[in-house]
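Chemist: Questions regarding the structure given below will be posed in turn.
The values are calculated or read from the model by the stated rules, or taken from the named source; none is laboratory data. These figures come from a predicted structure and were not determined experimentally. Glycine also receives a Cβ, built like all others from the backbone with ideal geometry; neighbour counts cover every protein chain displayed. Remember, those area values only see protein heavy atoms, side chains included, never the ligands or the DNA or RNA. Shrake-Rupley method; radii C 1.70, N 1.55, O 1.52, S 1.80 Å.
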Protein chains: 2
Amino acid sequence: MKTVRIGLLGVGTVGHAVARALLERHDVLSRAAGVSLHLQRAAVRDLTRPRPLAREQLTTDPMAVATASDVDLVVELIGGEEPARALMTAALAAGKPVVTANKRVLAWHGPQLAKLAAQRGVELRCEAAVGGGIPLIAPLTDDLAANRITELRAIINGTCNYVLTRMAQGETLADALAKAQEAGYAEADPKDDLEGVDAADKLCILVRLAFNAACTPAQLHRQGIRGLDPKDLAYGRELGYVLKLLAIARRGPGGAVEARVHPAFLPADHPLARIDGAQNAVHVVGDLCGPVMFSGLGAGGDATASAVLADVVQVARRLALGDPVAPPRDSGPEAPLLPMSQVSTRCYFRLAVDDVPGVFAQITKVLATHEIGLASVIQREPGKLGAAEVVLFTYAAPESALAAAEAELAQLSSTRSVLARIRVESSK
Amino acid sequence: MKTVRIGLLGVGTVGHAVARALLERHDVLSRAAGVSLHLQRAAVRDLTRPRPLAREQLTTDPMAVATASDVDLVVELIGGEEPARALMTAALAAGKPVVTANKRVLAWHGPQLAKLAAQRGVELRCEAAVGGGIPLIAPLTDDLAANRITELRAIINGTCNYVLTRMAQGETLADALAKAQEAGYAEADPKDDLEGVDAADKLCILVRLAFNAACTPAQLHRQGIRGLDPKDLAYGRELGYVLKLLAIARRGPGGAVEARVHPAFLPADHPLARIDGAQNAVHVVGDLCGPVMFSGLGAGGDATASAVLADVVQVARRLALGDPVAPPRDSGPEAPLLPMSQVSTRCYFRLAVDDVPGVFAQITKVLATHEIGLASVIQREPGKLGAAEVVLFTYAAPESALAAAEAELAQLSSTRSVLARIRVESSK
């Protein structure tokens, strides 16, 4: 084999960066792959836009590219569930290796696609699906293979992290989001980012890899950043915490794995607390390697192209050498997921209460009833409306107890409303 | 092949952790490798010490293990130049793949050993040689393969970083070193750490990988941390800098690569400035991926064993599949090293001067003569001995100019002594 012919599905931001790199750094890539990499065909939505490809290489029919007889390797960068899933399935079924950045399809259909790839003896690689240009998938799969991973905590949605970084400086969510959209860090419809859907898709992929837990995103507890108030970030800072949208997975004592995406206060001295703006980072603890962190740009055309092309080089190198694809590893028995109700966390509550005697006694009685210890309290003098704000940081308690306490706190005669309940993560 | 038989050279801290892991997590490792991993033989210095191996597996003759007919894979953990180099050479010549954590041998003899390995069609892997348990070698080789690396800055000596972290709190070097020795972060003879020899060995390995520059440690500019005063760290902090022993490599405009190990002031907001204690971190900038950082434990038995075993799993997996070893990649034309005299850096000077009129005019004249711009100045009122201390932060100038200016400053009639000259790194 003298040339590996690439079929590109989707020439958006990432696809454009991949196409340009294949042309502009042909020497670097071909040396790394040990074979010439040729962009053979590409599927686009709009044939009239300017592209770094000749007109005759382009088509609006992605299935024609995915199954073309003159394509050795399919790169899927359309994103979203369909038709991307069908295209990858068709390419794999046709015996073509697939490189993808598609977290949605992998989160929901990854195991099925991996099975199909194994049946057909071809590769399915997805370094770009989580953490953009940060090497993650390969390090977790290979470099930490000797470890039992005990904990993974990650900032894997750049939009939310950018928004929360601005909110930490006092901006409202709406203002911060507008800035993120101006800066190109948030899409016109930021729903999947703000609601934690994107982070949950990525966590699902990481949880399978790192903990060998079978799951779909539907099984992960997920809460986004809507409804957060810059006040919460300010209160947290007073007590030494930074608010992040975290993707968290941890192996419990019985072997069950907790996996959740939600805003969380993190001690300011934790390495993840210092990841600002649109950056991503994954903090992993292995039982041999100890804590390891990977950080960098989690999105953007060039950064994501870096990861896509690393996979392309790996696949092309193997194709050029004629090596068969290694059979999938035996990952051992699958770990069960721990139901969220049993997950134990520390918690932050912010309440608006009437400024009357006995309020605090009522609140602490509710917490005591549910065996929730109180770690620290902030109470401010009431504002003009006569409502006082009470902030509580609790010790660790199961989600079921915290949720029940929240409901009871809301029912107290002196409570005007429970303004916020946010989980608190420990350093270790 | 049902079993891969491992020959272990050296059962010290790391070797012991590797041996124990091979026994205790046989399931995890064998699943990852797709084949049973068996610790067949080990070479030790002292047969009487307790080991996690049976007596008949042990010998004091490492060459017998390196070339044993019942060993499929040699793990070299003796460290130091000889006999480790000779043992690895013998193992490779006998057609046995070698996994090593030996930065010294790789820094000085890596290319020759790699050539021998390629000739014999076996692997030579060294993930553990730099950064302990942090995945580095594989990510640089594979995951960032599509990038042209433009800059690499690293904290790769945990001893020095531990010492400097304590010195930032006001301790003297001697006190901090004693604490490092107590805590097990520094060896009884810490010369190679303090003088930057260990860091230069590691940088040499990284520079070849990331920049394809042919070099030996002798060609890298190297300066250790001896002679640093906690005063320097305090002055730096006043202006927003943290002092680290950095390993730095950067591709210059003409393609030449600067590579150097020395103490350097780093802006406090740089991610590397926050790497404290015995931790390691490598900050890499690629032209596609942008800045990426890897951090974690750079030393210790278990963390280093994690990296050694990742390599063992990779090699065993290939042996089990019967795949041939891929030929070495064509890395393209080798990059030349930029002579240190031409390397341009910002600089910090601390001078003891007589408290007499005209001192500052003399100093600034010297800097102006060498076209060195002055960025900021700290001057304190003189102490009891009548000597004033002047601290200067300059703009970037070539090393040749900075060295000449230092010599002239020392000769000024008003200068008692040049107490320190330390390079200053920029955020970008």
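Chemist: Rule-of-thumb check for chain A: C-alpha Rg over 2.2 N^0.38 Å?
Modeler: Dividing the Cα Rg of chain A by 2.2 N^0.38 Å gives 1.09.
Chemist: Please report, largest first and rounded to whole Å, the three semi-axes of the ellipsoid equivalent to region B:340-424, where each semi-axis is the square root of five times an eigenvalue of the C-alpha gyration tensor.
Modeler: Semi-axes (√(5λ), whole Å): 22, 12, 11.
Chemist: What accessible area per residue, rounded to a whole number of Å², is obtained for region B:44-200 using a probe radius of 1.4 Å?
Modeler: Dividing the accessible area of region B:44-200 by its residue count gives 38 Å².
Chemist: If you don't mind, there's one more thing I want to ask. Once phi is turned into ³J(HN,Hα) by the Karplus curve 6.51 cos²θ - 1.76 cosθ + 1.60 with θ = phi - 60°, what whole-Hz value does each residue of region B:257-265 show in order, with x for glycine and proline?
Modeler: Rounded to whole hertz, the list is 10, 8, 8, 7, 10, 6, x, 8, 6.
Chemist: Report, to the nearest whole %, how much of the accessible area of chain B belongs to carbon and sulfur atoms, 1.4 Å probe, protein only.
Modeler: Using a 1.4 Å probe with all protein chains present, chain B comes out at 52 percent carbon and sulfur.
Chemist: Heavy-atom accessible area per residue, region B:340-424, 1.4 Å probe: how many Å²?
Modeler: 47
Chemist: By how many nm would the segment from B:Thr364 to B:Arg45 lengthen if fully extended, with 0.36 nm per residue of separation less the alpha-carbon distance?
Modeler: Length gained between B:Thr364 and B:Arg45: 108.9 nm.
Chemist: Let me ask something else about it. List the residues of region A:325-366 for which accessible area in the full set of protein chains is at least 20 Å² lower than for the chain on its own; 1.4 Å probe, protein heavy atoms only.
Modeler: A:Ala326, A:Pro327, A:Arg329, A:Asp330
Chemist: Another question, then. For the interface of B with A, what's the total buried accessible surface in square angstrom, probe 1.4 angstrom, rounded to the nearest hundred?
Modeler: 4200
Chemist: Once you average over the residues of B:293-305, how many Cβ atoms of partner chains fall within 10 Å of each Cβ?
Modeler: Per residue, the number of nearby Cβ atoms from other chains is 5 on average.
Chemist: Name the most mobile residue of A:Val163, A:Val356, A:Val74, meaning the one with the largest mean-square fluctuation, in a Gaussian network model of chain A with Cα contacts below 10 Å.
Modeler: Greatest mean-square fluctuation among the candidates belongs to A:Val356.
Chemist: A:Lys2: which lysines have alpha carbons under 27 Å from its alpha carbon, excluding same-chain residues fewer than 8 sequence positions away?
Modeler: In chain and number order, the partners are A:Lys96, B:Lys115.
Chemist: Using a 1.4 angstrom probe on the protein heavy atoms only, line up B:Arg329, A:Arg251 by accessible area, largest first.
Modeler: Ranked list, largest accessible area first: A:Arg251, B:Arg329.
Chemist: So if the hydrodynamic radius of region A:137-296 is defined as the Kirkwood radius over C-alpha pairs, what does Stokes-Einstein give as its diffusion coefficient at 4 °C and 1.567 mPa s, in µm² per second?
Modeler: This corresponds to a translational diffusion coefficient of 81 µm²/s.
Chemist: Treat each spin label as a single point 7 Å out from the Cα along the C-beta direction, and report the A:Thr141 to A:Ala404 distance in nm.
Modeler: 4.5
Chemist: Per residue of B:261-272, what is the mean number of Cβ atoms on other protein chains within 10 angstrom of that residue's Cβ?
Modeler: Taking the mean over all residues of the peptide, I get 1.
Chemist: For chain A, modelled as a GNM with alpha-carbon contacts under 10 angstrom, which of A:Ser376, A:Ser295, A:Ser30 fluctuates the most?
Modeler: Per the Cα network of chain A with a 10 Å cutoff, A:Ser376 tops the list.
Chemist: Anything losing 10 Å² or more of accessible area from the isolated chain to the full protein assembly: pick those residues out of region B:138-165, probe 1.4 Å, ligands and DNA/RNA ignored.
Modeler: B:Ala138, B:Pro139, B:Asp142, B:Asp143, B:Leu144, B:Ala145, B:Ala146, B:Asn147, B:Arg148
Chemist: Using Cα centres only, tell me the gap between region A:129-187 and region A:409-428 in whole Å.
Modeler: 26
Chemist: Gaussian network model of chain B, Cα springs within a sub-10 Å range: biggest mean-square fluctuation belongs to which of B:Gly252, B:Gly383, B:Gly79?
Modeler: B:Gly383
Chemist: Looking at chain B, what % of its DSSP beta bridges pair antiparallel, to the nearest 5?
Modeler: Beta bridges within chain B, antiparallel portion: roughly 70 percent.
Chemist: While we're here: Quick one: 3J(HN,Hα) in Hz for region A:270-279, Karplus 6.51/-1.76/1.60 with θ = phi - 60°, rounded, Gly and Pro as x.
Modeler: 6, x, 5, 5, 9, 7, 10, x, 7, 5
Chemist: Using a 1.4 Å probe on protein heavy atoms, which residues of region B:10-49 have at least 20 Å² less accessible area in the complex than alone?
Modeler: The answer is B:Arg25, B:Val28, B:Arg31, B:Ala32 - residues whose exposure falls by at least 20 Å² when every protein chain is included.
Chemist: For region B:294-305, take each phi angle, set θ = phi - 60°, evaluate the Karplus expression 6.51 cos²θ - 1.76 cosθ + 1.60, and give the result in whole Hz per residue in order, putting x for glycine and proline.
Modeler: Running phi through 6.51 cos²θ - 1.76 cosθ + 1.60 with θ = phi - 60° gives 10, 9, x, 7, x, 8, x, x, 5, 4, 5, 4 Hz.
Chemist: Is any residue of region A:197-240 close enough, with backbone N under 18 Å, to a label point placed 7 angstrom from the Cα of A:Ala174 along the Cα-Cβ axis, and if so, which?
Modeler: A:225-232
Chemist: Sticking with this one: Near the amide H of B:Leu73, under 5 Å away, which other amide H atoms are found, from residues 5 or more places off or on another chain, if H is placed in the peptide plane?
Modeler: When sequence neighbours closer than 5 places are left aside, the close amide H contacts are B:Arg5, B:Gly7.
Chemist: How long are the semi-axes of the ellipsoid equivalent to region B:1-118, from square roots of 5 times the Cα gyration tensor eigenvalues, in whole Å, largest first?
Modeler: Gyration-tensor ellipsoid for region B:1-118: 22, 17, 13 Å.
Chemist: Can you tell me how much longer the chain between B:Asp189 and B:Thr216 gets when fully stretched, taken as 0.36 nm per residue apart minus their C-alpha distance, in nm with one decimal?
Modeler: Taking 0.36 nm per residue and subtracting the Cα distance, the gain is 7.4 nm.
Chemist: Can you compute the equivalent ellipsoid semi-axes for the protein assembly as shown, i.e. the square root of 5 times each eigenvalue of the Cα gyration tensor, sorted largest first and rounded to whole Å?
Modeler: Each semi-axis is the square root of five times an eigenvalue, giving 41, 40, 30 Å.
Chemist: In addition: Keeping every protein chain in place, order A:Ser306, A:Ser344 by accessible area at 1.4 Å, biggest value first, i.e. largest first.
Modeler: Largest to smallest exposure gives the sequence A:Ser344, A:Ser306.
Chemist: Which shape class applies to region B:154-198: rounded if a/c is under 1.5, otherwise prolate when a/b exceeds b/c and oblate if not, where a ≥ b ≥ c are the square roots of the Cα gyration tensor eigenvalues?
Modeler: Oblate.
Chemist: Given the DSSP H assignment, sum -39500 (n - 2.57) over each helix run of at least 4 residues in chain B and divide by its residue total; what's the result at 222 nm in deg cm²/dmol, nearest 500?
Modeler: Here the helix-only value at 222 nm equals -10500 deg cm²/dmol.
Chemist: Please report, to two decimal places, log10 I(q)/I(0) for region A:129-215 at q = 0.16, 0.22 Å⁻¹ as given by the Debye formula with identical point scatterers on the Cα atoms and no solvent.
Modeler: -0.70, -1.02
Chemist: Protein chains only, probe 1.4 Å: how do B:Thr3, B:Thr60 rank by accessible area, largest first?
Modeler: B:Thr60, B:Thr3
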